Amino acid sequence: MDLQQIKYFLALARELHFWNTAGKMNITQSALSRQIQSLENQLGVQLFERNKRNVKLTAAGQFLKEKWEVELSKLEFIHQSARQIQLGESGTITISHPDSISASAMPEILSRISDAFPKLKIKLVQVLYENQQDFLRNYKIDLAFTRDINTDKDIQSQKIQTDYLAIVVPEDHPYQTPADLTKETLASQKFILPTNDEGSSYSDLIRRLFNSFENAPEVYLYSEFGSAIIALVRKGLGIAILPDSYVYHEIPGIRFIKLPLETDLYVNWRTEDHNPVLANVLKLIIP
């Protein structure tokens, strides 16, 4: 069994089609079939159930797919780290960030990185709250910006800035200042809110806001994507509570009413990650 055989297996496990997989891997279909059969013989395990029409993973094949994807990501990270050590200030860094800083903090951060390391490739992704720590631990991302407080000992965090929560309303909405928010006026509002994630300190902050008014909001829509929430508010489908950094998106037709509630922004990374590129980038981010 060698690494290339595992790559062939993972490619086929994703495609579940020999001809398509062979084309993507630049080998013949018969050669791919031989490699898979050889891998099955070496393992003593049937990986796929196949007939003339269909290919599907066996239970053992599904188990190995899940495990090998993680291990291959780790191995590729090790190989990439070796290349980065040799090449110095080049390579690729993958960064996840919330939509709320797409037009505020991220342009400035990326400008600093680009100026300091012009050969460094940057990949930006958005990751669901419940997946952030797993993505960091499994080397799918290298840095994660988040508004949630980290409690994982394998992940290191540093606060880099503080924003405020804001009520987001259409331009013609009667709310003008925070003083307009009362238990009585909130009771008549329909809310569009970020997804209520269990264990999220950011979700707890929004709950504390409503608790301060002794109010349980009427929420008829949740979304992970702040830009989508703002578009719905602009359409008049409800009002929202979001970080005031969304004001930098400069979307017409809405107003942000700043509230006296702080929401911190953190940068997170693997505690035992000694990638020199990561260390250099963190020096540019952490004040």
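Just to confirm my numbers, what's the Cα centroid distance between segment 174-216 and segment 1-69 in Å? Taking the Cα centre of each part, segment 174-216 and segment 1-69 sit 51 Å apart. Taking other residues whose beta carbon is less than 9 angstrom from the beta carbon of GLN126, and scoring Lys, Arg as +1 and Asp, Glu as -1, yields -2.
Dipole of segment 33-80 (Lys/Arg Cβ +1, Asp/Glu Cβ -1, origin at the Cα centre): which of SER73, LEU47, SER33 lies farthest to the positive side? Ranked along the dipole, the leading option is SER33. Can you pull the one-decimal nm distance between simple spin-label points at GLU214 and SER33, each 7 Å off the Cα toward Cβ? Spacing of the two 7 Å Cα→Cβ label points: 7.5 nm.
Note that the chain presents 55 Å² accessible area per residue, ligands and nucleic acids not counted, probe 1.4 Å. Across the chain, the longest piece that holds none of the trypsin sites (Lys or Arg not before Pro) lying in DSSP loops with up to 13 other C-beta atoms within 10 Å covers 154-234.
Rg/Rh for segment 1-102 stands at 1.09; both radii use Cα atoms, and Rh follows the Kirkwood definition. State the antiparallel share, in %, of DSSP beta bridges confined to segment 110-267, rounding to the nearest 5. Antiparallel bridges make up about 75 percent of those DSSP assigns within segment 110-267.
For each pair in LYS7/LYS52; LYS7/LYS153; LYS52/LYS123; LYS74/LYS121, compute the distance between the two Cα atoms and list the pairs where it is over 29 Å. The answer is LYS7/LYS153; LYS52/LYS123. Taking the helices alone, the chain has a mean residue ellipticity at 222 nm of -12500 deg cm²/dmol, built from -39,500 (n - 2.57) per DSSP H run of at least 4 residues and averaged over all its residues.
For the chain, the Cβ-based charge dipole about the Cα centre amounts to some 1220 debye (Lys, Arg positive; Asp, Glu negative; other atoms uncharged).
Note on surface exposure: MET25, MET1 rank MET1, MET25 by accessible area, highest first, 1.4 Å probe. Charging the Cβ of each Asp and Glu at -1 and of each Lys and Arg at +1, and nothing else, the dipole of segment 226-287 about its Cα centre rounds to 320 debye. Considering only SER188, VAL125, LEU3, the residue lying farthest towards the positive end of the dipole of the chain is LEU3, judged by Cα position with unit charges set on Cβ.
By DSSP, the beta bridges lying fully in the chain are antiparallel in about 65 percent of cases. Taking 7 Å steps out from each Cα toward its Cβ at ARG137 and GLN46 produces label points 3.4 nm apart.
Available extension along the chain between GLN156 and LYS235 is 24.4 nm, counting 0.36 nm per residue and deducting the alpha carbon span. Here the label points at ASP204 and GLU184, each 7 Å from Cα along the C-beta direction, are separated by 3.4 nm in the simple model. Legend: residues TYR220, TYR202, TYR248, TYR129, sorted from most to least accessible area (1.4 Å probe; ligands, DNA and RNA excluded), read TYR248, TYR220, TYR129, TYR202. Taking the protein heavy atoms of the chain in the context of the full set of protein chains, the accessible area attributed to carbon and sulfur is 50 percent at 1.4 Å.
Compared with the alpha-carbon gap, the fully stretched path from ILE251 to TRP19 is longer by 78.8 nm at 0.36 nm per residue.
The values are calculated or read from the model by the stated rules, or taken from the named source; none is laboratory data. Since this is a predicted model, take the numbers as computed values, not measurements. Backbone-built Cβ (ideal geometry, glycine too); neighbour counts: all protein chains shown. Just the protein is used for accessible areas: all its heavy atoms, side chains included, with ligands, DNA and RNA removed. Shrake-Rupley method; radii C 1.70, N 1.55, O 1.52, S 1.80 Å.
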